[in-house]
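Each remark here refers to the structure printed beneath this line.
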Ligand code: SF4
Ligand code: SF4
């Protein structure tokens, strides 16, 4: 026998409420909440907006931003051109051309490794699939370009990331291993507490924007 759908009849409850509750108390509670929020905003207790791009919120360590190809001690890519990332990629935006590595223990290296950043959906599947921690993500999300060609990141662009000290590392499942292989000094950033009860549910740290100049490091 077909089970009867459960129907919640809200009209019955509304009818049982007194006219005082409906006509006076309800609007007063709503008005009190509005005034409470207004006072919080006026006194600076809640700051739901930031002055981007001068100020930025601090993203999580697991943020899935633009990719990084990690390097070995000698500066060569850790990637062994196994195609695991390209196979896992749902956007089909990784292109790899393998070549024979001079070290017989390594077998292959990527002679070419491109990511089409406009097709990428930043899902992180490539990072999960990589057996070598050769591809990880950063917290960089401000990608812009003047031409379509600039959105195709080649191996050089993926390995040399002057923006890294500014944004920091993002999603990397094996943090201990990756942090020992990626050498960079995070930029000192001024931080201040940003109350975000209205829109963010919790307090977050806000990072003051610092422009990174690679020639000075
Ligand atoms: S993040 Fe996702 S879409 Fe982007 S390259 Fe990796 S697997 Fe492909
Ligand atoms: S980045 Fe990782 S998964 Fe992709 S080809 Fe290189 S070693 Fe394989």
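Brief remarks follow.
- With respect to the conditions (1) out of contact with any helix residue (DSSP H, G or I) (no Cβ under 8 Å at 6 or more places or on another chain); (2) under 27 Å from residue 156 (Cβ atoms); (3) surrounded by 10 or more Cβ atoms within 10 Å (Cβ to Cβ), residue 68 lacks only one, and its number is (1).
- In a residue-by-residue description of the range 55-62, the property of being over 14 Å from residue 156 (Cα atoms), touching a residue at least 12 places away in the same chain (Cβ under 8 Å), buried (at least 18 other Cβ atoms within 10 Å of the Cβ) and away from ligand 1 (no atom under 12 Å from the Cβ) applies to at least one position.
- Residue check for residue 99: exposed (fewer than 13 other Cβ atoms within 10 Å of the Cβ), farther than 19 Å from residue 172 by Cβ and more than 15 Å from ligand 2 (Cβ to nearest atom): no
- Looking only at the range 161-176, and only at residues there that are more than 16 Å from ligand 2 (Cβ to nearest atom) and part of a loop (DSSP other than H, G, I, E, B), the one that is nearest to residue 58 (Cα to Cα): 168
- Residues that are closer than 14 Å to residue 113 by Cα and more than 16 Å from ligand 2 (Cβ to nearest atom) within the range 133-159 comprise 151, 152, listed in sequence order.
- Scanning the range 68-110 for residues that are within 10 Å of residue 132 (Cβ to Cβ) and in a strand (DSSP E or B) gives a single hit, 77.
Values quoted throughout were computed directly from the atomic coordinates according to the rules given, and no laboratory measurement underlies them. Since we're looking at a predicted model, the values are computed, not measured. All Cβ positions, even for glycine, are placed from backbone atoms using ideal geometry, and neighbour counts span all protein chains on display.
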